1. Any idea which residue in segment 73-102 is modelled with the lowest pLDDT, counting only those that are part of a loop (DSSP other than H, G, I, E, B), over 12 Å from the mean Cα position of the chain (by Cα) and surrounded by fewer than 24 Cβ atoms within 10 Å (Cβ to Cβ)?
2. Which members of segment 68-108 meet the condition of being among the small types (G, A, S), in contact (Cβ under 8 Å) with a residue 40 or more places away in the chain and over 23 Å from Q52 (Cβ atoms)?
3. Could you tell me whether segment 110-123 includes any residue that is buried (at least 20 other Cβ atoms within 10 Å of the Cβ), over 19 Å from D30 (Cβ atoms) and not acidic (D, E)?
4. Please enumerate the residues belonging to segment 130-166 that are part of a strand (DSSP E or B), of a type in the set (G, A, S) and over 23 Å from R38 (Cβ atoms).
5. Give just the number: which of (1) surrounded by fewer than 18 Cβ atoms within 10 Å (Cβ to Cβ); (2) in contact (Cβ under 8 Å) with a residue 40 or more places away in the chain; (3) within 16 Å of A98 (Cβ to Cβ) does L138 not satisfy?
6. Taking the residues in segment 113-135 that are touching a Ser or Thr at 6+ places or on another chain (Cβ under 8 Å) and among the hydrophobic types (A, V, I, L, M, F, W, C) as candidates, determine which candidate is farthest from V53 (Cα to Cα).
7. Collect the residues in segment 8-47 that are among the aliphatic types (A, V, I, L, M) and either farther than 17 Å from A86 by Cα or at pLDDT below 65 (or both), keeping them in residue-number order.
8. Within the bounds of segment 119-130, is there any residue that is without any contact (Cβ under 8 Å) to a residue 40 or more places away in the chain and within 27 Å of Q171 (Cα to Cα)?
Amino acid sequence: MVLAACSSPGPRRPAIDADGPGVRVPPGLDRVPDAEPRLEPLRLGGPNKPYQVLGRWYTPAASDIAWRETGLASWYGARFHGRPTASGETYDMFAMTAAHKTLPLPSYARVRNPANGREVVVRINDRGPFVDGRVIDLSYAAALRLGVLGGVAPVELVRITADEIRAGLWQRQRRGSAPAPAPVPVPVPDAPPLRVDDDPLGAMLVDRGLAPPPQP
């Protein structure tokens, strides 16, 4: 049994057979290209503020950190398709995205399945999985590409930093890829000002039954 994704609408998390594709899977999904890393401002507050889930506090990184870890990957599908993510974006199970508990949003990461050597690049725009030992929740498309739809599986995760994006190093790190062109300095855009009511993370946690609704 595989616990699905970030959470469920209530305290009980669905099993994988309750969170499969659910809708018609587009043809050629196994050939969906990797996410294309680009320089994006890290949000101040909002989805990157400390938050509490099931009695445990999580403190997301507030800067462009290098990050490498190994652990179990799970995936989430139709139960969350079309619903808001912690970043305020809409979850698309057929896009190359993922959820992580503490990496800054948005982030890009390379995920490798050591069992078969497959690798993907995903854009992290959501929070989860809130299960011990699990380091990332993959979209359905990313899980399909990695060959982990059958259940949780060990993976290796490496975050792609802004410096690596700026210098094109993430392209050179692809196995068998040609050298990237000489880097061209590109400034990181300023993050937009955060509105007082801009709390997509809080809205997502309430929506998925992981936090009580705000008191009037």
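1. Going through the qualifying residues, I end up with A78.
2. Of everything in segment 68-108, those that are among the small types (G, A, S), in contact (Cβ under 8 Å) with a residue 40 or more places away in the chain and over 23 Å from Q52 (Cβ atoms) turn out to be A73, G77, A78, A95.
3. Looking through segment 110-123, none of the residues is buried (at least 20 other Cβ atoms within 10 Å of the Cβ), over 19 Å from D30 (Cβ atoms) and not acidic (D, E).
4. If the condition is that a residue be part of a strand (DSSP E or B), of a type in the set (G, A, S) and over 23 Å from R38 (Cβ atoms), then A153 is the only one that fits.
5. Looking at each condition in turn, L138 falls short on (1).
6. Among residues in segment 113-135 that are touching a Ser or Thr at 6+ places or on another chain (Cβ under 8 Å) and among the hydrophobic types (A, V, I, L, M, F, W, C), the one farthest from V53 (Cα to Cα) is V122.
7. Within segment 8-47, A15, I16, A18, V23, V25, L29, V32, A35, L39 qualify.
8. Within segment 119-130 (the criterion being without any contact (Cβ under 8 Å) to a residue 40 or more places away in the chain and within 27 Å of Q171 (Cα to Cα)), the answer is yes, since at least one residue qualifies.
The values are calculated or read from the model by the stated rules, or taken from the named source; none is laboratory data. As the structure is a computational prediction, the values presented were derived from the model and not from experiment. Here the Cβ is made from the backbone with ideal geometry for all residues, glycine too, and neighbour counts use every protein chain on show.
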